[in-house]
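Data block below; observations after.
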Amino acid sequence: MHVYRIVWASAYYISAYGPPVMLTKAAIVVSAVLTMVSEGYAQSRTWFVPAVSMSLSHDTNLFLTGNAGDTLAHVRPSFDAAYESPNREFHGFAAFEAQRSATYPALNMLGEQRTALIDARVNTSPRTILGLSGRHDRTDSPSDLSLESGILLGRQIATRTQVTPSASYRLKPRTTVTALYSWTQESLSGYAEQSLHAARAGMDYARSPRTQWGGRYVVRAFVGSLEQESSHTLLASWSHQLTPATNASVHVGPRFSSYGGPSSEVLATLLRRTPHQRFLVDYWHGETIVLGVPGPVGIHSGTARTSWLLRSDVEISTVIGVFQSLSLADLRATVYHGGVGGAWTVREMYTLTASYRADYQRGDLRGQLPPDGHVTRGVVAVGVTIAPRLKRTFTPLQRDPALPMTGVQWP
């Protein structure tokens, strides 16, 4: 869940260029690598989706001061493209957003919010797979970037960039070794920039067609305004296919860090995927970086996500989650999150969407609330996405009905 597939060559661009340029050039490198792999043209498929989304949203607590709600209008052009074949895959997405506020002219923006991502995989041989993924976000709604902590933040400019190269090699028919490096950098206006470097190496053994065991070593380095901190983790892993549609996995082991005594790390997931439903439950006890909070932050979280395809053109989804965070300064925060969304696609080109999400946070990692202080927030949004699909398919292409429709944003 927290692992992305990526190509090692992108590490050069991390040090030589800024994040937006880095992602663009990394995409060019990946495209070149993909082109060099030869295979039958009749076994590939491509699609391209230029889209524009128009929406209205109402935020009940825009600046987290308790008395500042506002209605915002958004226009979001985007470009989504993919290429798939037996030996290589490439997916790219880019979007920017224009925003207008009904109450606060300072929030009127053109192109200040933007997203770009790439995801690629190359089978260089029957045994070797190289991967590359990257994502860059810039937004004035930093709560949207609190992917692992759920922490609520007021309207401020925030950026987040993540680049992850990876590789895997099959030693034997049942044994595979993997290696991965992930670089994440976050910044929030008014606070020091910080980054997380993580490297992982491991081995997996398929005990049977349905059961897999493995082991991993993970090292992390946290770089920011304070002293650099690090941690080392040894994980044992187990995964099992309970039914043809249901999979369970567990990663657990000890963690030794420079900022505290021995601790544990746990990641457990249960995934059920059918033609008309996708259900995911996960539990995580680990560490990460959080916008505006110096040093590593301990996370204790559990989430449940469900999506249903009621018909071929109607889909709904729900999400609930609880996040507990602990900073190096011994500040704590607990966030309760819930959301529901729906989408109706008309004539394969127009998608009508509606969503609502609510959050309740007690405590704060940045010390801006008293220890027993709390903040609530609710956001309701309605919109329409226009997305003509341009595709060239050389093998049957069927959309996985358990996945969100293209261009649709979920709570």
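Any read-out appearing in this document is the output of simple, stated calculations on the displayed coordinates, not a laboratory observation. Treat the numbers as computed from the prediction; the structure is a model and nothing was measured. Don't worry about glycine lacking a Cβ; one is built from the backbone with ideal geometry, like all the others, and counts go over all protein chains shown.
Annotations
- Exposure proxy order (Cβ contacts within 10 Å, fewest to most) of 54, 109: 54, 109
- For the pair residue 45 and residue 112, the difference between a 0.36 nm per residue extended length and the Cα-Cα distance amounts to 20.8 nm.
- Full extension of the chain between residue 263 and residue 219 yields a length gain of 14.4 nm, computed as 0.36 nm times the residue separation minus the alpha carbon distance.
- Efficiency of FRET from Cβ geometry, residue 384 and residue 230, R₀ 41 Å, rounded to 0.05: 0.30
- When the trypsin sites (Lys or Arg not before Pro) in the range 141-175 are filtered for DSSP coil states and for at most 16 other beta-carbon atoms within 10 Å of their beta-carbon, the remaining sites are 174.
- Low-density loop positions, GluC sites (Glu not before Pro), the range 265-372 - DSSP coil, at most 14 other Cβ in 10 Å: 348
- With a Förster radius of 22 Å applied to the beta-carbon distance between residue 67 and residue 193, the computed FRET efficiency rounds to 0.10.
- Highest average first, the peptides 201-214, 299-312 ordered by how many other beta carbon atoms sit within 10 Å of their residues are 299-312, 201-214.
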